Each structure stands twice: as structure tokens, then as C-alpha cells.
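**Student:** So that we are looking at the same thing, I have put the structure below in C-alpha cells.
Any read-out appearing in this document is the output of simple, stated calculations on the displayed coordinates, not a laboratory observation. Since the model is a prediction, treat every value here as computed from it, not as a measurement. Quick reminder, even Gly has a Cβ in these numbers, built from the backbone with ideal geometry, and neighbours come from all protein chains shown.
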Amino acid sequence: MKATLILFALIFTAMSCGITKNSTKGLNKIKFSGTTHIPYCGGAKPSPDVAAGYYESMKFETFNLFSGKDFSSASTATQEVKLDEGGNIELNLPDGTYTLVHTDKYLSLDEFKKKNGIYEPKLFMVKEDACYETWMNTPDLTFTLENDTIIEFRKRAKCWVGTNPCIEYVGPPAP
């Protein structure tokens, strides 16, 4: 009786492993990491390390993931992904090409400007609405999967405006 129970447990375990393996068959395990390069923006003479800037995680940033490389604001997302505090997420995706788009790009222009603050005209030059429309219809990242992989996504920030491409700082330089 005991041998029968052990044999049944082994068969059940083997079947369970087979079911688990088949449920992820054809999927690639993706480790995704997002960081933003923050430049040195002036002040006291920096050390070479400080002058090079630093990387900050894209903690809690939210993106829409699309299947394929063609994207427009009318495209329908496959899923929404939110990065953790370290700017990381793990996904299981089938082979194919994917496009990642920040969810802020789905806000109306007025909502986006309101969310990201009003800039003082003496210090900042806000570009025309066409700049925002172009930016909102541009994917943040496009990648192709064929195997398990690690994807490192890096954005570049500008001094005093972050990653917003439609705003320029025109104020005085840092002392």
C-alpha cells in the first residue's frame, strides 16, 4: 500500500511538472530593467564621477505593451506593465516584436501639461503642440524576442526638465 502511494505521488508530481512546463512552452522569460540617466547640472566643480551623472530607476513607471512594431495613439495595448521600485519587471511573452509606450502618452495634451506642471516662461521654453503630438505617437522602445533575455531600457534626462522632449530650460546656468 505504501509503495502504491509513493508511486502515485511520483506519477502525480511528474504529470504536474509536465503540465507546468507545457503551460509556458513557447514563452520567453524576459527580465526588464528601466533606468534614466540624470546628468550633472552644474554647481560646484564636480569630481569626474559626479560630472558623469548617475542612473535612477524608473520606479513605478507604467507602460502599455503592444504586439508588433507599428504604433499609433489609436493602437490597442496587449497589456499594461508597471515597473517595481527598482525599475524592474519579469514577463513571459511568446516570440515576436513588441512595442513599449509610456501610459502618459495616452493623456490628452491638456491633461499631460496639467500633470507635469506649469513652467515659468522666464526659465523654460515650451515647444509647440506639434512637438507633443509627435512625441505621443513615438514608441519608447521596440524589441524582438526569440529567446529568454534581459532588456535594459535607458532614457536620458535633461537638466531641470527630465525626459520631456518638448521643454527646454532657458534660465541662467547653475553657479
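**Student:** What size of dipole, in debye to the nearest 20, comes out for region 27-169 about its Cα centre when the only charges are +1 on Lys and Arg C-beta atoms and -1 on Asp and Glu C-beta atoms?
**Tutor:** Values: 16 positive and 21 negative charges, 88 e Å.
It works out to roughly 420 debye.
**Student:** Next up: When the chain is fully extended, how far beyond the present Cα-Cα distance does Asn88 get from Ala74, taking 0.36 nm per residue of separation?
**Tutor:** Values: separation 14, 0.36 × 14 = 5.04 nm, distance 2.69 nm.
Contour length minus the Cα-Cα distance gives 2.3 nm.
**Student:** Still on this structure, I have one more. Taking amide H atoms as placed 1.01 Å from N in the peptide plane, list the residues 5 or more away in sequence, or in a different chain, whose amide H sits under 5 Å from that of Leu107.
**Tutor:** Sorted by chain and number, the residues that satisfy this come to none at all.
**Student:** Can I ask one more? Taking 0.36 nm per intervening residue step and subtracting the Cα-Cα distance, what contour gain separates Leu27 from Phe143 on full extension?
**Tutor:** On the way: separation 116, 0.36 × 116 = 41.76 nm, distance 1.52 nm.
Working it through step by step, the gained length comes to 40.2 nm.
**Student:** Long-range amide H contacts for Leu141: which residues qualify at under 5 Å (H placed 1.01 Å from N, peptide plane, sequence gap of 5 or more or a different chain)?
**Tutor:** Leu100
**Student:** Let me ask something additional. So if I average 1/r over every pair of distinct C-alpha atoms in region 27-169 and take the inverse, what Kirkwood radius in Å does that give? If you can, show how the numbers build up before the last one.
**Tutor:** Values: mean 1/r = 0.0596 Å⁻¹.
Hydrodynamic radius (Kirkwood, Cα pairs) of region 27-169 is 16.8 Å.
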